[in-house]
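Asker: Starting off with a structure, shown below.
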Amino acid sequence: MDLVLLDDYDALSREAAARILETIAVKPDATLLLATGETPMGAYRELAEALARNPRDLSRLRPVQLDEYLDLEADDDRSLWGWMERAVVRPLGVPTGNVIRLAADGEDPEVAIASYEAALRAAGGIDLAVLGLGPNGHLGFNEPPAPADAPTRTVTLTPESVASNARYWGGAERVPRRAVTAGLDIILAARRTLLLVSGEPKRHILQRAVAGPVTPDVPASWLQRIEGVTLLADRAAWGPSAAVGRG
Ligand code: GLP
């Protein structure tokens, strides 16, 4: 795992955007697994601004949804698809039909999972995964414990994830309790991965994820076992000391 340490959140966002752009430049039909959550929002803004300055043909880009709440009405503001559309798909001008979605409105989750997996296979897997780190070490909603081959599936959110998602929607009571998540089998098969981590509250779990034992109890720790992972962390998240394996 490569570590790129950035001064602050803005620098992290610029670096992440530059790396996403590199992938798009090399492969205009790249499949990009794109997390929602707060951490990548700056990167998506920077990316949209860079593309406004230097337009590129994004008509063949394939964004891929990472996770989605269940049990919401189709037009509910809390849909993670809606968040993804507002934050990245629309600002970039990528055709909505290009997106490989997870659990489309009202669909049976098992049917949605089967078509998601089939679409990903047809697209040749993930070229670049842009991930955030959950406070309990989750990736997407792969809640601990999660083995490396955990499949795409419906999950019940842990109390820790409900608490952390409360900041998105104005209180824990507004956080859906069930979700569907891309499996670790898909996430860990990405050809390249950017793990974005910002802020002091993530410091402890970040150290467990990148320098602690590889264990289902910290799903992000599986990233230590695969190639092509770059951790972009700001100083607040990384802290004054601590070690990480490089290369
Ligand atoms: C959320 C999402 C993840 C996200 C992570 C970190 O619960 N399921 O996809 O990456 O937790 O979120 P944030 O970036 O807001 O800290």
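The values are calculated or read from the model by the stated rules, or taken from the named source; none is laboratory data. Just so it is clear, the structure is predicted and the values come from calculations on it, not from any experiment. Neighbour counts run over all protein chains shown; Cβ positions are idealised from the backbone, glycine included. Ligands, DNA and RNA are excluded from the accessible area calculation, which covers all protein heavy atoms including side chains. Shrake-Rupley method; radii C 1.70, N 1.55, O 1.52, S 1.80 Å.
Asker: Scan the stretch 21-31 residue by residue and report those that are among the hydrophobic types (A, V, I, L, M, F, W, C) and touching a helix residue (DSSP H, G or I) at 6+ places or on another chain (Cβ under 7 Å).
Answerer: Once the filter is applied, which keeps residues that are among the hydrophobic types (A, V, I, L, M, F, W, C) and touching a helix residue (DSSP H, G or I) at 6+ places or on another chain (Cβ under 7 Å), the stretch 21-31 yields Leu21, Ala30.
Quick grid of which residues meet (1) within 16 Å of the ligand (Cβ to nearest atom); (2) assigned to a helix (DSSP H, G or I); (3) buried (at least 16 other Cβ atoms within 10 Å of the Cβ):
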site: Leu72; (1), (2), (3): yes, no, yes
site: Gly106; (1), (2), (3): no, no, no
site: Leu120; (1), (2), (3): no, yes, yes
site: Asn136; (1), (2), (3): yes, no, yes
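Asker: Hey, another quick one. Can you tell me which of Ile126, Ile113 is assigned to a loop (DSSP other than H, G, I, E, B) and of a type in the set (A, V, I, L, M, F, W, C)?
Answerer: Only one candidate qualifies: Ile126.
Asker: For the structure I just gave you, tell me whether Ala148 is within 28 Å of Arg191 (Cα to Cα), of a type outside the set (S, T, N, Q) and more than 9 Å from the ligand (Cβ to nearest atom).
Answerer: yes
Asker: It is to be established whether one or more residues within the stretch 214-222 are part of a helix (DSSP H, G or I) and either acidic (Asp, Glu) or open to solvent by 30 Å² or more (accessible area, probe 1.4 Å) (or both).
Answerer: yes
Asker: Mind listing just one residue for me: the one in the stretch 152-201 that is closer than 22 Å to Val214 by Cα, open to solvent by 60 Å² or more (accessible area, probe 1.4 Å) and of a type outside the set (Asp, Glu) and, of those, farthest from the chain's Cα centre (by Cα)?
Answerer: Step by step, filter the stretch 152-201, then rank; the result is Pro201.
Asker: If you don't mind, another one. Within the bounds of the stretch 16-26, is there any residue that is touching a Ser or Thr at 6+ places or on another chain (Cβ under 6 Å) and open to solvent by 20 Å² or more (accessible area, probe 1.4 Å)?
Answerer: The answer is no, given that none of the residues of the stretch 16-26 is touching a Ser or Thr at 6+ places or on another chain (Cβ under 6 Å) and open to solvent by 20 Å² or more (accessible area, probe 1.4 Å).
Asker: If you don't mind, there's one more thing I want to ask. So Ala103 fits all but one of (1) modelled with pLDDT under 95; (2) more than 17 Å from the chain's Cα centre (by Cα); what number is the exception?
Answerer: The single condition Ala103 does not satisfy is (2).
Asker: I've got another one for you. For the stretch 27-43, enumerate the residues that are away from the ligand (no atom under 16 Å from the Cβ) and either open to solvent by 20 Å² or more (accessible area, probe 1.4 Å) or part of a loop (DSSP other than H, G, I, E, B) (or both).
Answerer: The answer is Lys27, Pro28, Asp29, Ala30.
Asker: Oh, and also: If Thr31 meets every condition in (1) free of Cβ contacts under 8 Å to residues at least 60 places away in the same chain; (2) among the polar types (S, T, N, Q); (3) touching a Lys or Arg at 6+ places or on another chain (Cβ under 8 Å) apart from one, which number is that one?
Answerer: (1)
For every residue, the table says whether it meets (1) open to solvent by 80 Å² or more (accessible area, probe 1.4 Å); (2) in a strand (DSSP E or B); (3) within 16 Å of the ligand (Cβ to nearest atom).
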position: Arg45; (1), (2), (3): yes, no, yes
position: Ala48; (1), (2), (3): no, no, no
position: Leu51; (1), (2), (3): no, no, no
position: Leu58; (1), (2), (3): no, no, no
position: Pro63; (1), (2), (3): no, yes, yes
position: Arg86; (1), (2), (3): yes, no, yes
position: Arg90; (1), (2), (3): yes, no, no
